[in-house]
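The values are calculated or read from the model by the stated rules, or taken from the named source; none is laboratory data. The structure displayed is predicted, hence computed values, not measured ones. When we count neighbours, we look across all protein chains shown, and the Cβ atoms used for this are built from the backbone with ideal geometry, even at glycine. These area figures cover heavy atoms from the full protein model, side chains too; ligands, DNA and RNA do not enter into them. Shrake-Rupley method; radii C 1.70, N 1.55, O 1.52, S 1.80 Å.
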Amino acid sequence: MTTAYHDLLDFTRETEALAQVAGRLGWDQETMMPDGAVEQRAEEQGAMAVVLHARRIDPRIGGWLEQAVAEGDVAAAQLRQIRRSFDRASRVPAQLAGAIARETSRAHRTWAQARADEDVAAFLPALARVLALKREEAQAIAGDADPYDAMLDDYEPGATAGQVSAMFGAMRPRLVALRDAVRAQPSAPVLRGDFPEAAQMALSRDLALAFGYDLGMGRIDKAVHPFSSGSGLDVRITTRTNPVDPFNCFYSTIHEVGHACYEQNIDRAYLLTPLGGGVSMGVHESQSRIYENQLGRSRAFTGWLFGRMKDTFGDIGIASEDDFFACVNSVADGYIRTEADEVQYNLHVLLRFDLERALVSGDLAVGDLEAAWNDRFATDFGFAVDRPSNGVLQDVHWSEGLFGYFPTYSLGNVYAGCLHAALRDAVPDLDADLARGDTSRATGWLRENVQRHGGLYQPREVITRAAGAAPSEAPLLDYLETKFRAIYGV
């Protein structure tokens, strides 16, 4: 390797280390930070953003990139990722990067309070400021191209709004038809019992371990909106509890463990380099969704979980494993994306994708967002939003400036469908393992075929290599129809 390559990688490792420190500030704000610290934290995060931005556009990077010679696929991928980051960052003024960090830190706390108060008007000015800054950033990056594509590319490199829109358009008819068929059937059994928070958290820890989460390099805390944070040797997750719905805790935990295991299982040789994190949010979401749904909500695994829940909580109001499986996979009306069943989840994402594209383009004014949300929700789901925390205020993403993030959730589901089909071919007797609560062969296959590579390959290439075919919505839709038509007898 050339000296330029080593100098570039050493400099980049320092930048990545500082980025992890900045991420820890965000984790602390979500979990432990005192309420009175919000203004100081905004300044701290703004300062870190300025420092990181300055490093990411350091003129030496351009010189090193010109001189560096890649020897092998790993070095070529490192240079590809560094060049992409440098090109994007160089288009964004440092003052703008700092302003975004400060404004999103404040907006996050404004959103949390507005959500608690059911007060949309209190949040909209903050949202308007964040949106204006993110539009400015996207326009700087996109030039003459679509600013929304620049936003989407930040989370799913190579994807465009046109491609995503076409895929979502192909998904919608089959999802709606399946949802309507299931809705016409009797409701699934429901849990009844006493589900103390301490017991929920204890069982969620056992579930995290069962799916391979290494608590020696992580921890589980509570947050309003569950998330995973960090990479490499420090990967933390959060969950939440609900006194009448322990599934909220358990499946949030399994979901975030999917994200965390992806980060923990990346080849250690890539630690604190551009290859040392998940390659995209869509691929990241494929791991969380396959852990949560295709594995965690399978008939085999829910049979094991049924026994654990009876041991932990006693009578839960359900007598058989089949009824418990139907309960876990109940298709029911609901407002909350993160709590939605597999059949309807993607319809929640499609709503957000269309609305944020309209916000970014200027076709939808921030002041009209709540009405647009409520109208679209009633059209898509057939009932009205009852309060803002169940509607436009339910998600944290826009307060943090994460425009372009929402579609990666459904891309992740599509990728998970492709990976699940390949996993079942590779491990045909997997259900025998899952019935014992043993996910090791499944998670081992995912570690070997997806997770260990980190950012070595492009997002679609990761899925194509693992699944043996280019990503398509068909395996996901086939899986959903087979599973839910059997559960509901339609």
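Some points to look at:
- Selection from the range 320-358 of residues that are over 20 Å from Phe403 (Cβ atoms), among the polar types (S, T, N, Q) and touching a residue at least 40 places away in the same chain (Cβ under 8 Å): Asn329, Ser330, Gln344
- Members of the range 42-68 found to be modelled with pLDDT under 95 and acidic (Asp, Glu), listed by number: Glu43, Glu44
- Hits in the range 397-450 - residues which are of a type in the set (Ser, Thr, Tyr) and within 28 Å of Gly307 (Cβ to Cβ): Thr439, Ser440, Thr443
- Conditions (1) in a helix (DSSP H, G or I); (2) open to solvent by 40 Å² or more (accessible area, probe 1.4 Å); (3) of a type in the set (Gly, Ala, Ser): number failed by Ala384: (1)
- If you go through the range 438-490 and keep only what is small (Gly, Ala, Ser), surrounded by fewer than 20 Cβ atoms within 10 Å (Cβ to Cβ) and within 27 Å of Gln344 (Cα to Cα), you end up with Ala469, Ala470, Ser472, Ala474, Ala486, Gly489.
- Condition met for Gln67 (in contact (Cβ under 8 Å) with a residue 60 or more places away in the chain, more than 30 Å from Arg387 (Cα to Cα) and surrounded by fewer than 16 Cβ atoms within 10 Å (Cβ to Cβ)): yes
- Matching option when the condition is under 28 Å from Gln344 (Cβ atoms), within 23 Å of the chain's Cα centre (by Cα), modelled with pLDDT of 95 or more and among the charged types (D, E, K, R), among Asp119, Asp149: Asp149
- Top-ranked residue in the range 3-19 [being open to solvent by 40 Å² or more (accessible area, probe 1.4 Å) and out of contact with any Pro (no Cβ under 9 Å at 6 or more places or on another chain); ranked as farthest from Ala97 (Cα to Cα)]: Thr3
Residue-wise test of (1) among the hydroxyl-bearing types (Ser, Thr, Tyr); (2) open to solvent by 10 Å² or more (accessible area, probe 1.4 Å); (3) over 16 Å from the mean Cα position of the chain (by Cα); (4) more than 30 Å from Gln185 (Cβ to Cβ).
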site	(1), (2), (3), (4)
Thr338	yes, yes, no, no
Val343	no, no, yes, no
Asp354	no, yes, yes, no
Ala358	no, yes, yes, yes
Asp375	no, yes, yes, no
Ser389	yes, yes, yes, no
Glu400	no, yes, no, yes
Gly404	no, no, no, yes
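- Applying the criterion of being of a type in the set (Val, Ile, Thr) and open to solvent by 30 Å² or more (accessible area, probe 1.4 Å) to the residues of the range 71-114, the residue that is nearest to the chain's Cα centre (by Cα) is Thr110.
- Scanning the range 271-305 for residues that are aromatic (Phe, Trp, Tyr) and under 22 Å from Val343 (Cα atoms) returns Tyr291, Phe301.
- Scanning the range 447-470 for residues that are assigned to a helix (DSSP H, G or I) and hydrophobic (A, V, I, L, M, F, W, C) returns Val462, Ile463, Ala466, Ala467.
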